Amino acid sequence: METNEQVRILQDLIRIHSVNGNEIAVADYLEKLLRSHDIDVTVDAFGDRRANLIAQIGDGTDPRILGFTGHMDTVAVPDPTRWQHDPFGGEVVSGHIYGRGAADMKSGLAAQAIALIELKEAGHLPAGTLKFIATAGEKLGTPGAWRLEKQGVADGLDALVVGEPTGGNVVFAHSGSITYRITSIGKSVHSSHPDQGINAIDGLLHFIEQERALFGDVADDQYLGKVQHSITIIEGGKQANTIPDQAQLFGNIRPTAAFNNQAVTDRLNDLVDQVNHQTPFQLELKVTQSFGPILTKPDNDFVQLALHAAQRNYPNDVELKTINGATDASVFTLNRPDLPVVVLGCDSWNMAHQTDECTTIPSYLAAIKAYKQIARDFFN
């Protein structure tokens, strides 16, 4: 495939609005592209314009299955006027492709699809099966990955490459992600007599003060470092002259392999119990999302195979790294904790979710080559 066609495919994907949804349009585009090259593909639509896609190549003489995966949704564009480039234009300027999803992660998605096409067109079919898994809703609740997990799509995988942006670095571990809600229940009274009520906002403030030190004694993970934690949303009160009887906050925590999701949840529960028994405030905890950390040891054969492929094909120096972000791999490894996983994609993790999000064309082309290299080396 010529470079201009590879670039056009990424531009086409960027121009499809799939902000927190509408993955069906991306899936339809990829289905048409892959079928035009005689590649088996299935689109699984599950309502509200959501869809997953699965495609595969290989002659099946080797029983092993290598997975490539990426998500088809993007985050929102809060203020398009702040962009110098059309967020859905796919503009090419000075070797960069701009637009929402250019980095996270329509570049990885396009590169994986093109890798399948080019391997097939060149007559380099894997001896086993190379499975391309494109998911819906990674940014909000991962409904696509959960649906695929229930369907057993990942059960037979022997290794998995996640195409999130890494700048060519091979990520062998990433943190988990827990999102939780604390609801504070108080007693509403007129603000002229605050002592007769219980201010639900004060209950949240008490929790926030304790939360700051909640993980201070947790030892650093060997690879993922500290447990990162933040309060990200606060809501409370309806009227300025009324003591609020309800308020809530949301927080996000990044568990590590050394201090996992259960340990984090237990500590949150302990803090809520402490507040409820020792103060007049009453708090309720609800974990709304929980994804586990991913760790494949850096000396694992598959990690080293991916590193070799990246070093051979990326124009920049690449290395083994970890990230604090989470991916669909947390769902796919739910029943396969031993599944070797690497994250490898175009520039750069820091470009994800940014104004004037972009990727570089050299990195995008290198990702295509690296994915093909991984597939060839894995089955050889």
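Observations on the model:
- Across region 181-194, rounded Karplus estimates of 3J(HN,Hα) from the backbone phi angles (6.51 cos²θ - 1.76 cosθ + 1.60, θ = phi - 60°) give 10, 10, 9, 9, 10, x, 9, 7, 9, 5, 5, 6, 9, x Hz, Gly and Pro being marked x.
- Each peptide in 105-111, 221-227 gets a packing score, the mean of other Cβ atoms within 10 Å over its residues, and the list from highest to lowest is 105-111, 221-227.
- Pairs beyond 20 Å (Cα-Cα), from Lys131/Lys372; Lys120/Lys369; Lys139/Lys226; Lys131/Lys321: Lys139/Lys226; Lys131/Lys321
- Of all accessible heavy-atom area on the chain, the percent that carbon and sulfur account for (1.4 Å): 45 percent
- In the chain, the longest principal axis of the Cα atoms and the axis of helix 23-35 are about 10 degrees apart.
- Count Lys and Arg as plus one, Asp and Glu as minus one, and take only other residues whose Cβ is under 9 Å from that of Ile198; the net charge is then -1.
- In degrees, nearest ten, helix 3-15 long axis to first principal axis of the chain (Cα): 30 degrees
- Couplings for region 90-100, taken from phi via the Karplus curve 6.51 cos²θ - 1.76 cosθ + 1.60 with θ = phi - 60°, read x, 5, 10, 9, 6, x, 10, 10, 9, x, 5 Hz in order; Gly and Pro are left as x.
- Computed from Cα atoms, the angle from the helix 261-278 axis to the main principal axis of the chain rounds to 10 degrees.
- When the square roots of the Cα gyration tensor eigenvalues are ordered a ≥ b ≥ c, the ratio a/c for region 282-379 is 1.5 or more and a/b does not exceed b/c, which makes its shape oblate.
- Working note: Karplus 6.51/-1.76/1.60 with θ = phi - 60° gives region 312-323 the couplings 6, 10, 8, x, 9, 5, 10, 8, 7, 9, 10, 9 Hz, where Gly and Pro are set to x.
- Sites Glu121 and Gln196 - FRET efficiency at Förster radius 56 Å, r taken between beta-carbons, to 0.05: 0.15
- Computed [θ] at 222 nm, deg cm²/dmol, the chain (DSSP H ≥ 4; -39,500 (n - 2.57); rounded to nearest 500): -10000 deg cm²/dmol
- The residues of the chain expose on average 43 square angstrom of accessible surface per residue, using a 1.4 Å probe on protein heavy atoms.
The values are calculated or read from the model by the stated rules, or taken from the named source; none is laboratory data. Source: prediction; values computed, not measured. Every residue, glycine as well, gets a Cβ built from its backbone with ideal geometry; the counts of neighbours run over all protein chains shown. Just so you know, the surface numbers come from the protein's heavy atoms only, side chains and all, with ligands and any DNA or RNA stripped out. Shrake-Rupley method; radii C 1.70, N 1.55, O 1.52, S 1.80 Å.
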